[in-house]
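Reviewing the structure listed below.
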Amino acid sequence: MCSNARSKHSMRTARSAFILFVLPALTSVQAGDWSGNVALESRHFFESTTRSEQHNANLSGYLEAEYYHTFEHDAHNLVVTPFLRLDENDDERTHADLREAAWLFYGDVFELRVGVSKVFWGVTESRHLVDIINQTDNVENIDGEDKLGQPMINFSYFTNEWGTVDFFYMPLFREREFASLEGRPSLPLRVDTDNAVFESSDEEENKDYAIRWSHSFDIWDIGLSHFNGTAREPRLVAGLDGGEPVLIPHYDQIAQTGIDAQATTEDWLWKVEAIAVETDAQDDYGAAVAGFEYTFVGIFESDADLGVIGEYLYDERDESQAFQDDVLVGLRWVWNDEQSTEFLLGAIVDQDGGATSVSLEATRRIGESFKLDVEVRAISGADDDPVLAGAADDDVLQVELGYYF
Amino acid sequence: MKFLNIARATTVHALGGALLIATAAAGIAHAQTPEEKGMEIAVEADRRDTGFGDSEAAMTMTLKNRKGDTSTREVRVKTLEIDGDGDKSMSIFDKPADVKGTAFLTYSHSLEPDEQWIYLPALKRVKRISSKNKSGPFMGSEFAYEDISSQEVDKYTYKYLRDEELNGKKVFVVERYPAYKNSGYKRQIAWIDQEEYIALKTEFYDRKDSLLKTLEWRDYKQYLGQFWRAHEMHMVNHQNGKTTTLAWSDYTFNVGLGDKDFNKNVLKRAK
């Protein structure tokens, strides 16, 4: 499935995890609980292709299934979630992943999780700065919401009084995947993931660690985190692969300290996320997102709610960096109807370059088991923008129909 | 969004007993006003439902529109009684399939805003959400969030209207007025069984004081020799012709739930 050696290695890792943790468990259970979804996706690009190997339309589909089982009166459980996507044109987007294959043991005040798992940290909508445990599944969607499964041992200790402390040990690193030159959107040069450069001599076997404290009290939900290990986001450096100009991912060793906080009042959500990153490979830097969400309930005498989202994005790195000085304006329109119809409209405006990226997502349940997902993404004024220029001609309409079981 | 211990008509309130005594004492001095009698009935109903500790139950919700098309939702609910405050509850969705694994954690309060978190399984994300939306439909049903949230004595002011007979039972007819913010109702009228102090019927009047909905509580069963739970709740919306029926099953009390079972960590693994 994965076309390069390193991700094959990751797949092997995932497979070993599967054999180690999952198979013995599967043989000892009589009945399991499967759920998940299978979906067909059609993408239509509005503008003509920038390269001859690209296409104006693309069909794709995926299957994500979760197996869940609890043992011994809920004292421990097992979750296994394989994922497979097939893509008509982009061989890199055709990929398989183990989103989860983890065994969880827990008591009143602790949890121990071993295997491949997924963790989310943070509060903001436009960008997930503090969320660093899992690698982004970059070929799924460019919105950064999809994640690859991360091998880990996670110990969590919690009390209602003091909150939760999480420790993470991550023995294996997952590399970021990039669309092939046939894929859209894709970068103007092939990303040579086979020759990725690691600062750590252990490469993707570098041991990563993280610790996080989080707590909820009164109107506050707060998290403090520290991560030490391989950056999830590579620097892409121009290079050559047998004479072909390519972009080579460089994975730095970083120490990232993060804070995320949300204050929730009856009308307002106030949110902030900030990180400070120390690294030898480039200058240390900071980045932050701060904003709000306000909800109008029962607008126009209807059952619908309208949420207004505003966020400011700052990144200390230079202008070659996305979200360096940007503003997100968003509207969330929730119908509260039987079909759970929702719209999310967002525009991110770069205050410096003037590029604007707009997205509209609409979802609606059809019957009891189907869901329709429509997404439009467009970028304007990005011709001179160093970050967005690559995707400037890839405005897209995406329609996805999913069956849930 | 919020979702709570739907089936409980009343809840604990530490003030309850004190209020009852105060009201009774006041009754000696002068004839009881309809407001005092309404409050007295609410406090007594609350007192009788106090002390259940914790419970678990499963609920199937059937939505029916004017044309007769139906759709269903399945939810499991865990409730923890909190002395002197609203309950803590966790609701876990099994159906429809696209929201399977979605879960809500609520710390409810009588007049202060509830604290509420939602777990989104696809993103593994726990989000703290605003509890402002009291009047909106719960999961597209004819039950508003405020209809199914923890019912505290302080959430309303009351007025006793009259005695009546309903389905062969003697009932108090009591009017109540929301004292919390953002309610979709001007008032409600409740028919309360005089023997057991449980609601048999409730009428909901919208902000313009038009009859909006009628809720009938059916198939009551008693647990632990004290606590009554309706196993069917039937809501009719008179303005749009839609109905929603909640069917409750698998009630268990004294499950052994505690504070430890109602936090964000548990929310994430609540399947």
Filter segment B:72-88 down to the residues that are surrounded by 18 or more Cβ atoms within 10 Å (Cβ to Cβ) and within 30 Å of A:Gly402 (Cβ to Cβ), then identify the one that is farthest from the other protein chains (Cβ to nearest Cβ). B:Val77
Among the residues of segment A:331-387, write down those that are surrounded by fewer than 16 Cβ atoms within 10 Å (Cβ to Cβ), within 12 Å of chain B (Cβ to nearest Cβ) and in contact with a helix residue (DSSP H, G or I) (Cβ under 9 Å, 6 or more places away or on another chain). A:Glu368, A:Ser369
Output for Cβ contacts, cut-off 7 Å, separation at least six or different chains, first residue more than 7 Å from chain B (Cβ to nearest Cβ) and closer than 11 Å to A:Thr70 by Cα in segment A:102-113, second buried (at least 20 other Cβ atoms within 10 Å of the Cβ) and not hydrophobic (A, V, I, L, M, F, W, C), reads A:Trp103/A:Gly115
Matching residues, segment B:177-197, being in contact (Cβ under 8 Å) with a residue 40 or more places away in the chain, surrounded by fewer than 21 Cβ atoms within 10 Å (Cβ to Cβ) and away from chain A (no Cβ under 14 Å): B:Ala179, B:Glu196, B:Tyr197
Extreme residue, farthest from the other protein chains (Cβ to nearest Cβ), among residues of segment B:91-120 that are more than 18 Å from the chain's Cα centre (by Cα) and outside any strand (DSSP E or B): B:Thr102
Of everything in segment B:69-101, what is β-branched (Val, Ile, Thr) and closer than 28 Å to B:Lys155 by Cα? Give them in sequence order. B:Val75, B:Val77, B:Thr79, B:Ile82, B:Ile92
Yes or no: B:Gly140 touching a residue at least 24 places away in the same chain (Cβ under 8 Å), facing another protein chain (nearest Cβ under 8 Å), within 23 Å of B:Arg269 (Cα to Cα) and not in a strand (DSSP E or B)? no
A:Arg43 is checked against (1) among the charged types (D, E, K, R); (2) in contact with a helix residue (DSSP H, G or I) (Cβ under 9 Å, 6 or more places away or on another chain); (3) at pLDDT 70 or above and fails just one. What number does that condition carry? (2)
Say whether the condition of being assigned to a loop (DSSP other than H, G, I, E, B), aromatic (Phe, Trp, Tyr), buried (at least 20 other Cβ atoms within 10 Å of the Cβ) and at pLDDT 95 or above is met by at least one residue in segment A:82-98. no
Being buried (at least 19 other Cβ atoms within 10 Å of the Cβ), in a strand (DSSP E or B), more than 9 Å from every other protein chain (Cβ to nearest Cβ) and touching a strand residue (DSSP E or B) at 6+ places or on another chain (Cβ under 6 Å): is that true of B:Tyr160 here? yes
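Let's see how each residue does on (1) surrounded by fewer than 23 Cβ atoms within 10 Å (Cβ to Cβ); (2) small (Gly, Ala, Ser); (3) at pLDDT 95 or above; (4) in contact with a helix residue (DSSP H, G or I) (Cβ under 7 Å, 6 or more places away or on another chain):
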position: B:Phe3; (1), (2), (3), (4): no, no, no, yes
position: B:Ala25; (1), (2), (3), (4): yes, yes, no, no
position: B:Ala31; (1), (2), (3), (4): yes, yes, no, no
position: B:Gly38; (1), (2), (3), (4): no, yes, yes, no
position: B:Val43; (1), (2), (3), (4): no, no, yes, yes
position: B:Ser55; (1), (2), (3), (4): no, yes, yes, no
position: B:Leu63; (1), (2), (3), (4): yes, no, yes, no
With more than 14 Å from chain B (Cβ to nearest Cβ) and not hydrophobic (A, V, I, L, M, F, W, C) as the only criterion, which of A:Gly239, A:Gly298, A:Gly307 stands out? A:Gly239
Conditions (1) modelled with pLDDT of 90 or more; (2) not in a strand (DSSP E or B) -> A:Gln30 fails only (1)
If we only count strands (runs of 3 or more DSSP E) wholly inside segment A:125-223, which ones have 1 or more residues that are closer than 24 Å to A:Glu100 by Cβ, at pLDDT below 95 and within 14 Å of chain B (Cβ to nearest Cβ)? A:150-159
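Residues to consider are B:Thr214, B:Thr252, B:Thr245; find the one that is of a type outside the set (D, E, K, R) and crowded, with 20+ Cβ neighbours inside 10 Å.
B:Thr245
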When you go through B:Ala58, B:Ala45 one by one, which is the residue that is in contact (Cβ under 8 Å) with a residue 60 or more places away in the chain, assigned to a strand (DSSP E or B) and more than 11 Å from chain A (Cβ to nearest Cβ)? B:Ala58
Before we move on, is A:Gly258 in contact with a Leu (Cβ under 7 Å, 6 or more places away or on another chain) and either farther than 23 Å from A:Phe168 by Cβ or part of a strand (DSSP E or B) (or both)? yes
Could you please find all residues in segment B:121-137 being more than 17 Å from A:Asp305 (Cβ to Cβ), assigned to a loop (DSSP other than H, G, I, E, B) and within 8 Å of chain A (Cβ to nearest Cβ)? B:Leu123, B:Lys124
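The values are calculated or read from the model by the stated rules, or taken from the named source; none is laboratory data. The model shown is predicted, which means the values in this text are computed figures rather than measured ones. Neighbour counts are summed over all protein chains in view; Cβ atoms, including those assigned to glycine, are modelled from backbone coordinates with ideal geometry.
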